[in-house]
Structures are given as C-alpha cells and as structure tokens.
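Everything below concerns the one structure shown next.
The values are calculated or read from the model by the stated rules, or taken from the named source; none is laboratory data. Not measured: the values here are computed from a predicted model. Glycine gets a Cβ as well: all are built from the backbone with ideal geometry, and neighbour counts include every protein chain shown. Note: areas computed on protein heavy atoms with side chains; ligands, DNA, RNA excluded. Shrake-Rupley method; radii C 1.70, N 1.55, O 1.52, S 1.80 Å.
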Amino acid sequence: FACMGFTQLWLNPVLENAQSSITYHGYAITDFYKVDPRLGTNESYRQLSDEARKRGIGLIKDVVLNHCGSEHWWMKDLPAPDWFNMGGKFVPTHHVREALQDPHAAEVDRIDFTDGWFVETMPDLNQRNPLLATYLIQNTLWWIGVSGIDGVRQDTLPYVDRRFWREWMAAIKREHPDLRVVGELFDADPALVSFYQGGATRFDGVDTGIDTLFDFPLHFALREAFAKGGSLREVAKALARDHLYPDASSLVTFLGLHDVPRFMSEPGASLDGLRAAFTFLATARGTPLVYYGDEIAMPGGGDPDNRRDFPGGWKEDPRSAFERAGRTPEEESVHAHVRTPLRLRQQTPALRRGRMVNLLVRDDAWVYARVHEGT
C-alpha cells in the first residue's frame, strides 16, 4: 500500500446496515454508533486505524448525515415529530442541485431538493431540528475521538441545509483543527461544486467551512479525453474554472469511485488510455485518489458491478493481485505504471504543491509545468 505512494485509506461506510435488503453499500445506517458486525466491531475499526498509522497511512471515515436506514429504531419511536423531513413520509428529492446555488430560485424548490428523500429505504433527516443537529455533531466528534481517524469523507453534501454544515465544521475544527473533510457534490458543473467549498461566504450568508471537495467536473472531462478519445483541450478547460474555488489546489481528483462505472468499462477505454490518465492524475494539481482495482485495470459496469471483489485477500481466492506473481501481464503493466508517477509525486514538492502552468494546449497534446518556488 505505502509502496504505491498512498497516504490515506478511505472505506465506504462501515456502520450497521441492519436492513432487510440492499445493504451492501453501507449508506442505510441503522445504528450510528456501531460498526456493522459483518465487517467487525468498533474495537477492530480502531485497530485498523492504529495499524494503518504505524505504516504511515491515515484512515478516512465515510460519514453519512443526510439520511438513515428505514429500519433504524427511530422509525418506530420518533425522538421528535420533525425528526425526519417531509413529515416522515417518502417524497423523492427532485435532484435539481442548482436550486440551492440560484439566488433567484423559489423557496419551495430549495426545500423540495434538500428535504426530499433519495429512496424510500433512506428516510431524510431534518438537521434543522436542534436536537438532531446536536446528535449528529456529537456522533461525528465521538467517532473521531474513539477511532483516531485522520479525515472525513462527507456524503451527499448539497442535500443538507448549508447552515448545518457550517455548525458541524466549526465543531470539528474546535476539537480537531488539523482534521480534514472532503465533501461530495456529484455534478459536472464547477459552479455548483465550488459553491460548497469553505473559505467564501456565498449569497445565502453561509461559509460551509468544508475543507475540500471531490473534483467531479475534472473527473468527467478525464473520462471523455482518456477513455472515450475526446479532446485534451476540454480537460484544460475544466481546470480553467479553478478560479471559482476558494482553493482548487486541494481538490480531490480521481478517475473512478464507487458511484460510477469503472474506467475500463467505458466505451473505447484501453490500457494505454488508463496509463496516460494516471500519469495526468499524478502530475496535475489536486490530491489524487485511486479507486481500488483501477491500479490493475479492473472492469466493472454499473452499481454494484463496479464494486466487485478485488482478486485476493482470502484463502479461497484462486489468485492474489496483491502480489506481483498473482497479476496478469496486463495488470502488472498498469500497476507498475501507476506506482512510478505516484511515488515521484511523493518525492517531488512541485508535483504536490506547485502552480500548474500551461505551456501548450491542443486537442491532441498538452504540455504543462508544475512550478514550486525554492525547488
């Protein structure tokens, strides 16, 4: 793990999902204080954090505060009548994200977006209730304290009232000023994504305080260019929108993650394209994230096929791609290629913190430099 240049480990949610069905993803939580017994215990989660730190690896906890599972005990014994949005009845969100960023939007559109539910099995929590807000803030602080995690990945950022994020982040920073939070806003429009990064007070009077965000706009541009044969100029255009962010240099960049089909399942994807995309990811601005299995070119279509098991790790597995002897020649060619620029990045301050300067931008060619004063 460390030999690849990785410094953090992000797991999808590990808390209890005691639902009758569709529990593989971990996002329908039924106990916010308990690790799912199919994965381990609270103690084993702390042990994972401690053992990772001994190896120079931090642990990032996937936190879900927008909703819970429909079989959470709250559904049978409401702590307050307004504990859930929409009167505790399933009304779907319309997913029109710009309703929150649009200063001219009707209030009903904002409410329908934030208060609507994703699906019937994930009741939408009402963070405007002060008791629930306090519960969720204290729960996050508790997990940080007992698990020793180094960071938080916050799920479904725009579907929660922005004032709650401001209070949640302020509480985290008071207790753990060095802990970093990366938020998810799944959209290709940088104007929408940037609206949620901390460091700027927006028209609604709120600075969320969120440290950084997943760079979905760049992700979609990378897929078009390196998997589908699109223009490199479009990738450069995505970075030209960096002025919208309070701090674009801290954005988390990626080729894939659990919510999208894998790179190698895109029409037109190739090993050469994947290797070139990883080269860009390791040398461009931002903090690169590698979705497990992409480093060996694993295929995978829509959810849940994109979350298939990595080969190896269990005695029943016919081979282990964790070891070089267990990787196919094609897998090893990608693995070795990914390892080289990531380790170079780790050793080169300019690749981690330097300014990105374009020298030549064309549809089929892009030359840029990373410039860091003093190196």
### Task
With springs only between Cα atoms under 10 Å apart, run a GNM on the chain and tell me which of 104, 94, 25 wobbles the most.
104
#### Entry: Mean Cα-pair separation over length for the chain, i.e. relative contact order, pairs under 8 Å, 6 or more apart, %
12
## Note on the structure
Residues meeting the amide H criterion for residue 124 (H placed from the backbone, H to H distance under 5 Å, 5 or more places apart or on another chain) are 85
### Message
Could you derive backbone 3J(HN,Hα) for region 25-35 from the dihedral phi with the Karplus parameters 6.51, -1.76 and 1.60 (θ = phi - 60°), listing whole Hz in sequence and x where the residue is Gly or Pro?
### Response
7, x, 9, 10, 6, 10, 8, 6, 10, 9, 5
#### Entry: Spacing of the two label points (7 Å from each Cα toward its C-beta) at residue 357 and residue 41, in nm
5.7
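When N is the residue count of the chain, what does its C-alpha Rg come to as a fraction of 2.2 N^0.38 Å?
Rounded to two decimals, the normalised Rg is 1.01.
In debye, nearest 20: dipole of the chain around its Cα centre with unit charges on the Cβ of K, R (+) and D, E (-)?
Working: 42 positive and 52 negative charges, 273 e Å.
Computed about the Cα centre, the dipole is about 1320 debye.
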### Query
When only C-alpha pairs under 8 Å and at least 6 residues apart count, what is the relative contact order of region 1-47, in percent?
30
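What does the charge count around residue 97 come to, taking other residues whose C-beta lies under 9 Å from its C-beta (Lys +1, Arg +1, Asp -1, Glu -1)?
Here the charged neighbours net out to -3.
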## Note on the structure
Sorting 83, 113, 93 by the position of each Cα along the dipole of region 78-127 (Lys, Arg +1; Asp, Glu -1; all at Cβ), the one nearest the positive end of that ordering is 83
### Query
In the structure displayed, which of 34/173; 76/315; 34/89 lie more than 31 Å apart, Cα to Cα?
76/315
### Query
If we count every other residue with Cβ under 9 angstrom of residue 263's Cβ, Lys/Arg +1 and Asp/Glu -1, where does the sum land?
0
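Please calculate how many Å² of accessible area the chain carries per residue, with a 1.4 Å probe and no DNA, RNA or ligand atoms counted.
46
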### Query
Can you list the aspartates and glutamates whose alpha carbon sits under 18 Å from that of residue 54, skipping same-chain ones fewer than 8 residues off?
43, 150
#### Entry: Helix-only [θ]222 nm of the chain, DSSP H runs n ≥ 4, -39500 (n - 2.57) each, per residue, nearest 500
-9000 deg cm²/dmol
### Query
Once you mark the GluC sites (Glu not before Pro) that are in a DSSP loop and have at most 11 other Cβ atoms within 10 Å, what is the longest gap between them in the chain?
121-315
### Query
According to the Kirkwood expression over distinct Cα-Cα pairs, how big is the hydrodynamic radius of region 148-202, in Å?
12.1
### Simple Cβ-charge dipole of region 1-148, Lys/Arg +1 and Asp/Glu -1, about Cα centre, in debye nearest 20
620
### Percent RCO, i.e. relative contact order, over region 145-234, from Cα pairs under 8 Å lying at least 6 residues apart
28
### Summary
On the accessible surface of the chain, probed at 1.4 Å with all protein chains in place, carbon and sulfur together account for a percent value of 55
## Note on the structure
For region 38-128, listing trypsin sites (Lys or Arg not before Pro) in a DSSP loop whose Cβ sees at most 16 other Cβ atoms within 10 Å gives 38, 55, 76, 89, 128
